[in-house]
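The values are calculated or read from the model by the stated rules, or taken from the named source; none is laboratory data. All figures in this text were calculated on a predicted structure; none of them were measured in a lab. Cβ: placed from backbone, ideal geometry, glycine included. Neighbour counts: every protein chain shown.
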Amino acid sequence: MTKFSIISIPIFAAFFLVLVSCSNDNKVAEPKEIEVIPEDIVELRDDQIKLAEIETGAIEYKSLSDVLKVSGTVAAAPQNFATVSVQLGGFVKSTLLMPGNTVIKGQTLAMIENMEFVDIQQNYLEAKSRLEFVDADFKRQGELYKNDVSSEKNMQQVTADYKILSAQVKALEQKLALIGINPAQLHENNISSAIALVSPISGFVKSVNVNTGKYVSPSDVLFEIVNSDKLFLELTLFEKDADKVHEGQKIRFFINNETDQHEAVIYQTGKSINSDRTFTVYASVLGVCENTIPGMYVNAMIEANSNKVPALPSDAIVSFDDKDYIFIFDRNKEENGKPFTEYRMIQVQKGVSDGGFTEVILPVGFNLKTAQIVIKGAYNLLSAKKNAGEMSC
C-alpha cells in the first residue's frame, strides 16, 4: 500500500502541470482586434491636424472664365509706322539721329543734297515769272477781243500760252512740295541745293540706314519711325478655338519674361484660316506699356465665356495616380482615450481655372450643403496617405 501511494503523487503533479501549461498557452495565443482603415480614409490626431495646417470650408459658386493661352507679337498700326525715303535721289549731307532717338512730327531727320533740286527751283521761278507776264497779256487781249480790236486768232494763241504756263507752274509746285519745299516761300534769294528730310509722325527711330556722304535713291529706306502710343497685338489661335473669341473680349498679356501684366481688348478676329489651321486675332493695347515696342513676343490669356460654377481654391484639389481628388471631413472618433479625425478622399473632375479657383465636377449624390471640404492642407493629407505611418496613425 505504501509503495502505490508514493508513485501516484508524482503522476498527479505532472498531469496538473500539463493542464496549467496548456491553459496559459491558450491565453497568449488569443488574437487582438486590429482596425482596418479604408483606402479612401486618412486619419490624423489633433496635433497632426495643427501641424498640417488643415482648414475646411464650403464649395462656392463663382464666375470663372475659360482662359485660352496663346502667343503672338506686338505691332503698330499702319498709321503709326512710317518708312522714310527721299523722293528724288541725292547725297546725305548730314544726319544726327541714332536708333532709339525720339522725334516729333516735322523734325529734320537728314539733309539731302542734289543739284536737281536747284534745277526744279529755278524752273519754277522762271515759269512763275513768265506766267505773270502771260496772265497780264491774257487779260489785255481779252479786253481788246471784246472791243473787236484784237483778232480771234491772237486771243486763242494767248489763251493757249496761258494754260500751258499755268500747267507748268502747277506741276513744278507739286515737285517742290514733294521734296519738302514750300513754293509760297521760295524766291530767287533762297534757292538751295539741299533739302530737309522731315519726320512724317512723332515717335522713336527704329532704324537708321544712312550715313554722311552716302548716295540714296528713292527706293532706299532711310529711316523707320514708330509711334508706340497706340499698339496692338497679333495673336495666333487654332481653328478649334474660333467659337471662343469675339470682339470686346479682354486679354491679359505679358511681354517676354516680365511679370508685369498688361491688358488689351479684341477689336477684330481673322476671317480666314491659314494653311497651318490657325487664324489671327487682333487686340488693341489698353494704356501705355513702358518699354514695349513692335515686334516683341507676347504670351497672352484670353478670357472666354464666364459662368457660375462650383469652385474651390486650386490648392484644394490634388492629383494622385493621374486622377483628381478633394478631401472632406468624415467624422471625429476616439481611440484609447485619444481623439482622431477622419478625412475621406473624393474623386472629382477639374474644369475651368481662373484667379486661383478651379471648377470642380462632383460625383452624383454629393451633398454640397453639408460637406466640409479641406480647402487648405490638402497636399499634406495626400502625403499622409502616401506615407502611412509618418503623419497618419
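Could you please let me know if GLU116 is out of contact with any helix residue (DSSP H, G or I) (no Cβ under 9 Å at 6 or more places or on another chain), in a helix (DSSP H, G or I) and under 30 Å from SER207 (Cβ atoms)? Criteria met by GLU116. Do the conditions hold for ALA127, that is, is it in contact (Cβ under 8 Å) with a residue 24 or more places away in the chain, more than 30 Å from ASP161 (Cβ to Cβ), surrounded by 13 or more Cβ atoms within 10 Å (Cβ to Cβ) and among the small types (Gly, Ala, Ser)? The answer is no for ALA127.
Screening region 235-324 for strands (runs of 3 or more DSSP E) wholly inside it with 3 or more residues that are surrounded by 14 or more Cβ atoms within 10 Å (Cβ to Cβ) returns the ranges 250-255, 262-269, 278-285, 297-313. Restricting SER71, SER94, SER85 to those that are touching a Ser or Thr at 6+ places or on another chain (Cβ under 8 Å) and closer than 30 Å to VAL245 by Cβ reduces the list to SER71.
Taking region 351-376 as the range and being assigned to a strand (DSSP E or B) and hydrophobic (A, V, I, L, M, F, W, C) as the test, the residues that pass are VAL352, PHE357, VAL360, ILE361, ILE373, VAL374, ILE375.
Which of the residues that make up region 267-294 are modelled with pLDDT of 85 or more and of a type in the set (Gly, Ala, Ser)? Residues satisfying the conditions are SER272, SER275, ALA283, SER284.
Residues that are loosely packed, with under 15 Cβ neighbours inside 10 Å, of a type in the set (Val, Ile, Thr) and within 30 Å of TYR215 (Cβ to Cβ) do occur in region 72-83, at least one of them. Which pairs turn up if I take residues in region 347-363 that are crowded, with 18+ Cβ neighbours inside 10 Å and look for partners that are not in a strand (DSSP E or B) with beta carbon separation below 7 Å, at least 6 apart in sequence or on another chain? So the pair list comes out as VAL348/ILE317; VAL348/LEU362; PHE357/SER314; THR358/SER314; THR358/ILE317; VAL360/ILE59; VAL360/ILE317.
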